[in-house]
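Remarks on the structure that follows.
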Amino acid sequence: PSAPLPANTTPTGPAAATDPAAVVGRLQAAFATGRTRPIAWRKAQLRALRRMLVDQEEVFAAALKADLGKSPTEAYVTEVGFTVKEIDHTLRHLARWLRPRRVAVPPALAPARARTVREPLGTVLVISPWNYPLQLALTPLVGALAAGNCAVVKPSELAPATSAALAHWLPRVLDPQAVAVVEGGVPETTALLEQRFDHVFYTGNGAVGRIVMTAAARHLTPVTLELGGKSPAVVDPGADLAAAARRIVWGKFMNAGQTCVAPDYVLAIGDTAPALEAELTAAIREMYGEDPARSADYGRIVNERHFDRLTALLADGRLVTGGDHDRAGRYLAPTVLADVDPEAPVMREEIFGPVLPIVRVPDLDAAIAFVTARDKPLALYAFTASARTRRRLIAETSSGALSFGIPNAHLTVPGLPFGGVGESGQGAYHGRYSVETFSHTKAVLAKPLALDTLRLAYPPFTPGKSRLL
Ligand code: NAD
């Protein structure tokens, strides 16, 4: 699956197909006609996208199975259904989000009217990763279209079946003048990034995030960077450890741990670690059975490179459960490691796979110090019965999101922004935050010329005039 795919783009004529400048130029020309501005066009695009997801659900489920071994249920909940819900939420509220907002005018300027008006940015680029290859390509696209933009979607070459399905279907259901899919890997993305876009929306790792931001800077193009990092799960004594373990196992081993917001490691406060080890083991067995290799609900590692990277981490702690692996099948069992040294390799990089280290810390102060000494995570999770612990974590740590009692789920709350901070990214999206990301808030001020009240402010100045404006 890691072999580069031939570049395959989807404009109208094959000659223009492989030339990124031609693809972007065509979209820019379409934007200039104003066709994407009416709310009716935007809603029609969103409805067409929704119809595609519903009608082609099996096609996308099969692609996700081929790319990542995703179970149809998980594929629906986290990819197809997730995107459908995002579309429904956007369709329901879009008119309100786009409405101009009146703003008060200072008395010295009266009579006058001030308001903010949302305008589309133009032509935007969405670069997406392989782990949720459908959702992470389409959810940003929903925002781009809702805000009235033209868009190029660049799916991940590491999820080739989903990439091919998107390249096949999107131009058939969406306005092909306004939306293009460009498939490919580094060379194709590099060529795209040389073009002048009005926004670049990138989801993936921070090393490439830097490349994207550097390329965008040459055109002064704003970026949204949805990156990753090590999201901790803090477990406090006094929490219901069995329930906490089930929640952590659910969030961690979904998509075989290849989830940007998955709990990366557990910070076990005080004496919680031994009991937690047993509860995590029990929860894994409950969800994936005696042999997770035979569970239809457990995914596979995306490719050999990631498989080798992950199996090299298995020696970084005492094996509590899991560890079984099979390179040919890209299978790595849900694995828990205990007594992990905070300096071990497994604690240095984002794991992004089904390996869960447990690090012990003596108390909440030590847990907070541990989190704040490292890069700001995309998410911080805490399992605690203490309101004081919750208050301290809110006030004393920084992360893209902070959830108590449940991992991963904050991104399914449509009213919450989804994004990182610091090393975990910049900018946010979902729902109205997507529309904000993909539009410009223009200040509009109108003062009638008749009745020239400004006369009082014109030179020649007198002492009284200087106080008027
Ligand atoms: P990936 O390898 O699929 O890369 C992402 C995209 O970048 C792809 O489209 C790829 O073609 C492109 N790319 C790769 N190298 C490039 C280069 N040199 N120049 C230009 N483009 C290039 O995915 P990945 O980065 O391995 O994804 C995993 C990472 O993404 C993890 O760190 C994860 O936490 C993060 N992630 C974040 C979110 C989020 O929403 N914040 C979601 C999913 C994944």
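The values are calculated or read from the model by the stated rules, or taken from the named source; none is laboratory data. Everything quoted here is computed from the prediction, not taken from an experiment. Virtual Cβ from ideal backbone geometry, glycine too; neighbours counted across all protein chains shown.
Within region 402-417, the set of residues being touching a Leu at 6+ places or on another chain (Cβ under 7 Å) and touching a residue at least 40 places away in the same chain (Cβ under 8 Å) comprises just one member, HIS410. The single condition among (1) surrounded by fewer than 20 Cβ atoms within 10 Å (Cβ to Cβ); (2) polar (S, T, N, Q); (3) outside any loop (DSSP other than H, G, I, E, B) that SER403 does not satisfy is (1). Would region 221-231 turn up any residue that is surrounded by fewer than 19 Cβ atoms within 10 Å (Cβ to Cβ) and closer than 22 Å to ALA401 by Cα? No, that holds for no residue.
Does region 288-301 include one or more residues that are part of a helix (DSSP H, G or I) and among the charged types (D, E, K, R)?
yes
Within region 215-234, the set of residues being near the ligand (Cβ under 9 Å from one of its atoms), among the hydrophobic types (A, V, I, L, M, F, W, C) and farther than 10 Å from LEU193 by Cβ comprises LEU225, LEU227. Every condition in (1) buried (at least 24 other Cβ atoms within 10 Å of the Cβ); (2) within 24 Å of ASP365 (Cβ to Cβ) is met by ILE301 except one, and the failing one is (2). Filtered by the rule that a residue be away from the ligand (no atom under 13 Å from the Cβ) and not in a helix (DSSP H, G or I), region 254-287 gives TYR265, VAL266, LEU267, ALA268, ILE269, GLY270, ASP271. Here TRP169 does not fit the description of being closer than 26 Å to LEU378 by Cβ, out of contact with any strand residue (DSSP E or B) (no Cβ under 6 Å at 6 or more places or on another chain) and touching a residue at least 40 places away in the same chain (Cβ under 8 Å).
Would you please name the residue that is farthest from ALA216 (Cα to Cα), looking only at residues in region 117-153 that are within 16 Å of the ligand (Cβ to nearest atom) and of a type in the set (Ser, Thr, Tyr)?
My answer is TYR132.
Residues that are under 17 Å from SER399 (Cα atoms) and among the hydrophobic types (A, V, I, L, M, F, W, C) within region 251-268 comprise CYS260, VAL261, ALA262, VAL266, LEU267, listed in sequence order.
Each row is one residue, and each column tells you yes or no for (1) among the charged types (D, E, K, R); (2) farther than 30 Å from LEU94 by Cβ; (3) away from the ligand (no atom under 16 Å from the Cβ).
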{"site": "PRO342", "(1), (2), (3)": "no, yes, yes"}
{"site": "ALA385", "(1), (2), (3)": "no, yes, yes"}
{"site": "SER398", "(1), (2), (3)": "no, yes, no"}
{"site": "LEU411", "(1), (2), (3)": "no, no, no"}
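Considering region 154-210, and only residues there that are of a type in the set (Gly, Ala, Ser), in contact with a helix residue (DSSP H, G or I) (Cβ under 7 Å, 6 or more places away or on another chain) and within 13 Å of the ligand (Cβ to nearest atom), the residue that is farthest from LYS43 (Cα to Cα) turns out to be GLY206. For the list (1) surrounded by fewer than 16 Cβ atoms within 10 Å (Cβ to Cβ); (2) farther than 30 Å from PHE31 by Cβ, I need the number of the one condition that THR389 fails. So THR389 meets the others, but not (1).
Of the residues making up region 367-381, those that are assigned to a helix (DSSP H, G or I) and without any contact (Cβ under 8 Å) to a residue 24 or more places away in the chain number 1. Where strands (runs of 3 or more DSSP E) fall wholly inside region 85-195, the ranges with 2 or more residues that are in contact with a Pro (Cβ under 9 Å, 6 or more places away or on another chain) are 113-120, 123-127, 150-154, 179-181. The helices (runs of 4 or more DSSP H) located wholly in region 1-84 that include 1 or more residues which are at pLDDT 95 or above, of a type in the set (Asp, Glu) and surrounded by fewer than 16 Cβ atoms within 10 Å (Cβ to Cβ) occupy 39-55, 57-68. When region 419-461 is filtered for residues that are outside any helix (DSSP H, G or I), modelled with pLDDT of 95 or more and either more than 48 Å from the chain's Cα centre (by Cα) or among the hydroxyl-bearing types (Ser, Thr, Tyr) (or both), the ones remaining, listed by number, are TYR429, SER439, THR441. Within region 369-383, if we keep just the residues that are closer than 16 Å to MET347 by Cα and away from the ligand (no atom under 16 Å from the Cβ), the residue that is surrounded by the most Cβ atoms within 10 Å (Cβ to Cβ) turns out to be VAL371.
Tell me, please, whether a residue that is assigned to a strand (DSSP E or B) and under 24 Å from GLY257 (Cβ atoms) can be found in region 198-215. Yes: region 198-215 contains one or more residues that are assigned to a strand (DSSP E or B) and under 24 Å from GLY257 (Cβ atoms).
Does ALA104 meet the test of being among the hydrophobic types (A, V, I, L, M, F, W, C), touching a helix residue (DSSP H, G or I) at 6+ places or on another chain (Cβ under 8 Å) and more than 30 Å from TYR298 (Cα to Cα)? Answer is no for this residue.
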